[in-house]
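Note sheet for the following structure.
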């Protein structure tokens, strides 16, 4: 079941980057991301990591300059970049079973700006090359977009509503993840916060999917059953004993296999219609070399997640109902 008004819309006219943008790309990012690799490995630092860790410093500058021209950009993103201090770890540890501690952490997170909570054991594949994380547990927080604001992307020098909402959610992610990390530290356990938008040690989507926050979509973003693709993520790593929250398979992956909306809507044509092998896993993949130049020139993007049928509040309940029925029929047939 697809959103008919969108599915019948013709392909967006294909966009072409400026020659100077292509010159700043320098080298293809797809091999760096592991496209075509059959063996599993940790991810390499990418576009939003510090510029000395990848060859895209010039494109970073172009992207930041263009985004800074959008009204509301600076105010929205400033809190995301002003990280609070982590408090000392308390000398006395809170007692409780892993189930009790997980429930307490979840309650705290949901009371401090997070919209959803997931926890899963740390996997070395969640950590970028060149970084280390010693904590054995990952908590991922979901921060939902305001759909009415998000759908006004891409932004420009006169309308910055869409990108301002992106900044607002990253800022909520910073506040909520640091609040949770400090709460855990006040309980006598170690914890560190990993919000966006800049890259750090922790890759967020894989543990988010593993912990039940959603499924990977064709557009390379996570799809939540509650918020669709209109969601940002923040992470907390900790040695507090927790329990895993189960993965949530609600039909997002199956729906993406036949839906063509994001592939039609993507201006540079970066979204593939089929899954590809990436670092030893067959999954949805977005072409870096097509996506990032558009992102840099156009003050960000988010078109794919805004147009995704799952993100539309009026469409999502119908999709969930339809896919639940289809998955049930497949299970019975199997």
Next item on the list: Please find, among 75, 63, the residue that is within 19 Å of the chain's Cα centre (by Cα) and part of a helix (DSSP H, G or I).
Entry: 63
Check: Do you know which residues across segment 34-55 are over 15 Å from residue 130 (Cβ atoms) and in a helix (DSSP H, G or I)?
Finding: none
Margin query: Please determine whether any residue of segment 307-324 is assigned to a helix (DSSP H, G or I), farther than 19 Å from residue 225 by Cα and modelled with pLDDT of 95 or more.
Written below: no
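Just checking, which of 85, 58, 100 is assigned to a helix (DSSP H, G or I), loosely packed, with under 15 Cβ neighbours inside 10 Å and free of Cβ contacts under 8 Å to residues at least 60 places away in the same chain? Reasoning before the result, please.
On the way: 85 fails: assigned to a helix (DSSP H, G or I); 58 fails: loosely packed, with under 15 Cβ neighbours inside 10 Å.
Result: 100 is the single residue among 85, 58, 100 that is assigned to a helix (DSSP H, G or I), loosely packed, with under 15 Cβ neighbours inside 10 Å and free of Cβ contacts under 8 Å to residues at least 60 places away in the same chain.
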Margin query: With the structure loaded, tell me whether residue 46 is surrounded by 14 or more Cβ atoms within 10 Å (Cβ to Cβ) and at pLDDT below 95 or whether it fails that test.
Written below: yes
Check: If you go through segment 260-276 one residue at a time, how many are touching a helix residue (DSSP H, G or I) at 6+ places or on another chain (Cβ under 7 Å) and surrounded by 16 or more Cβ atoms within 10 Å (Cβ to Cβ)?
Finding: 9
Next item on the list: May I ask you to say which residue of 150, 143 is in contact with a strand residue (DSSP E or B) (Cβ under 6 Å, 6 or more places away or on another chain), under 30 Å from residue 15 (Cβ atoms) and modelled with pLDDT of 95 or more?
Entry: 143
Notebook entry, point to check: Can we say residue 121 is within 30 Å of residue 53 (Cα to Cα), in contact (Cβ under 8 Å) with a residue 60 or more places away in the chain, in contact with a helix residue (DSSP H, G or I) (Cβ under 7 Å, 6 or more places away or on another chain) and surrounded by fewer than 21 Cβ atoms within 10 Å (Cβ to Cβ)?
Noted result: no
Item checked: Residue among 247, 207, 197 that is surrounded by fewer than 24 Cβ atoms within 10 Å (Cβ to Cβ) and touching a residue at least 60 places away in the same chain (Cβ under 8 Å) -> 197
Check: With (1) within 22 Å of residue 153 (Cβ to Cβ); (2) surrounded by fewer than 21 Cβ atoms within 10 Å (Cβ to Cβ); (3) in contact with a strand residue (DSSP E or B) (Cβ under 7 Å, 6 or more places away or on another chain) as the list, and residue 231 as the residue in question, which single condition is left unmet?
Finding: (2)
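The values are calculated or read from the model by the stated rules, or taken from the named source; none is laboratory data. What you are looking at is a predicted structure, and each value in this text was computed from that prediction instead of being measured. In this analysis, Cβ positions are derived from the backbone assuming ideal geometry, glycine residues included, and neighbour counts consider all displayed protein chains.
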